[in-house]
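Below is one structure, written out as structure tokens, with a few remarks after it.
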Amino acid sequence: MDLQLLRCDAGLSVAQASEAIHASRVPLSNAESGRRRLQDAYVGPLSHAYGVTTEELLAAQDISFGLRRVRPPRETRPAAPRTVGEKINYLLEHGYAGRTPPSDEQIAQAVNEHSGTTHMTADDIATLRSGAPTTVSDAVRAGLAHALQVDIALFQDDAELSPAAGEFLEAIRFLGSIHQGQILGLAARGNQAGLSAGMMAKINEVVGELKNKLPGEQSEQ
């Protein structure tokens, strides 16, 4: 990123950044617009204010002057889970943003209560999550869906994900990204992804809270 993006990423205005180097806005504005480079005396204090190294600051300055090519960041997405164990791990990692995920013992208990016939233990759940080859009955798959509050279709196929399951996983990442501050101003897509009512309600709650904080939303009220 260039100098301007580096400053914005640090949450500073031009005036605030100028105060950090004890100068007027002119040196910083000139550097950000690619007109005149920063004096050496400004590099250290500005790096400290932005929370970056001097090398990173100078690299950003080069970009501002068109000396380096800006490469758009690549979005890293978690690999799509296929097996039952992978799906359990995925849901526990991405589906409980801001909440404590259930333990293996709690999952096993919920599976048993749902089926009324299975006798899963915490060790059985741990074995599934470890990736060890094992046969999973339909009753266990249904119980897992119940325990993790998702549509049963997510656990029905180990070979490939259906479009609905893919949409579900995208919604899971969406919710987690909101809690991590990575997504702003997006809206839930509706219950088209095999989401449970509880999960969909949580997404809508978070989106509603987020929209109320947006400047555009506040100005319309």
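Structure notes:
- Identity of the residue in the stretch 82-98, within 16 Å of Ile152 (Cβ to Cβ) and of a type in the set (A, V, I, L, M, F, W, C), that ends up modelled with the lowest pLDDT: Leu91
- Among residues of the stretch 127-139, those that are open to solvent by 50 Å² or more (accessible area, probe 1.4 Å) and either closer than 15 Å to Thr83 by Cβ or assigned to a loop (DSSP other than H, G, I, E, B) (or both), counted: 8
- Taken over the stretch 9-32, the criterion of being open to solvent by 60 Å² or more (accessible area, probe 1.4 Å) and at pLDDT below 90 is satisfied by Asp9 alone.
- In the set (1) open to solvent by less than 60 Å² (accessible area, probe 1.4 Å); (2) in a loop (DSSP other than H, G, I, E, B), Ala142 fails one condition alone, (2).
Residue by residue, here is whether (1) open to solvent by less than 60 Å² (accessible area, probe 1.4 Å); (2) assigned to a helix (DSSP H, G or I) holds:
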position: Gly85; (1), (2): yes, yes
position: Tyr96; (1), (2): yes, no
position: Pro102; (1), (2): yes, no
position: Gln106; (1), (2): no, yes
position: Gln109; (1), (2): no, yes
position: Glu113; (1), (2): no, yes
position: His119; (1), (2): no, no
position: Ile125; (1), (2): yes, yes
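- Among residues of the stretch 1-25 that are of a type in the set (S, T, N, Q), those with a Cβ under 8 angstrom from a residue that is open to solvent by 40 Å² or more (accessible area, probe 1.4 Å) and in a helix (DSSP H, G or I), sequence gap 6+ or separate chain, pair up as Ser18/Arg25.
The values are calculated or read from the model by the stated rules, or taken from the named source; none is laboratory data. Just so you know, these numbers come straight off a predicted model, no measurement behind them. When we count neighbours, we look across all protein chains shown, and the Cβ atoms used for this are built from the backbone with ideal geometry, even at glycine. Just so you know, the surface numbers come from the protein's heavy atoms only, side chains and all, with ligands and any DNA or RNA stripped out. Shrake-Rupley method; radii C 1.70, N 1.55, O 1.52, S 1.80 Å.
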